[in-house]
1. Can you run down the residue pairs with Cβ atoms below 7 Å, 6 or more apart or on separate chains, where the first is in the stretch 1-19 and under 17 Å from Thr66 (Cβ atoms) and the partner is in a helix (DSSP H, G or I) and open to solvent by 60 Å² or more (accessible area, probe 1.4 Å)?
2. Just to be sure I understand the filter: pairs with C-beta atoms under 6 Å, separated by 6 or more residues or on different chains, first member in the stretch 63-82 and closer than 21 Å to Thr12 by Cβ and of a type outside the set (S, T, N, Q), second member assigned to a helix (DSSP H, G or I) and open to solvent by less than 50 Å² (accessible area, probe 1.4 Å). Which pairs pass?
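The values are calculated or read from the model by the stated rules, or taken from the named source; none is laboratory data. Not measured: the values here are computed from a predicted model. Heads up, the Cβs are rebuilt from the backbone with ideal geometry, glycines too, and the neighbour counts pull from every protein chain shown. Please note that ligands, DNA and RNA were not included when accessible areas were found on the heavy atoms of the full protein model with its side chains. Shrake-Rupley method; radii C 1.70, N 1.55, O 1.52, S 1.80 Å.
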Amino acid sequence: MENLIDNALKYTPDNGRIQVRWWAEHDHGCIEVQDNGIGIPAADLPRIFERFYRVDKARSREMGGTGLGLSIVKHLVQSMRG
């Protein structure tokens with residue numbers, strides 16, 4: 001959760017909106033983080049969970065990103081059968 005919320009905070013402008021929602025669905029818990037930040041271009045969506053992949057390399061480097069966060073999130077969720 002920390003990585004998802006941190007990404008939302010980094011890429012949402014001042015006075016932007018970030019929503020965190022959770023609910024139960026059948027025998028699973030669902031979590032959603034949504035913001036009105038800069039977004040991810042559709043062409044990049046298939047690759048955002050790859051290790052070291054960054055949508056905007058210059059901006060990510062400037063903000064301290066390594067391109068590992070979403071990959072780690074994905075693997076953690078998969079390890080919990082998510």
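1. Here the result reads Asn3/Ile72, each pair linking the stretch 1-19 to a residue that is in a helix (DSSP H, G or I) and open to solvent by 60 Å² or more (accessible area, probe 1.4 Å).
2. Gly69/Asn3; Val73/Asn3
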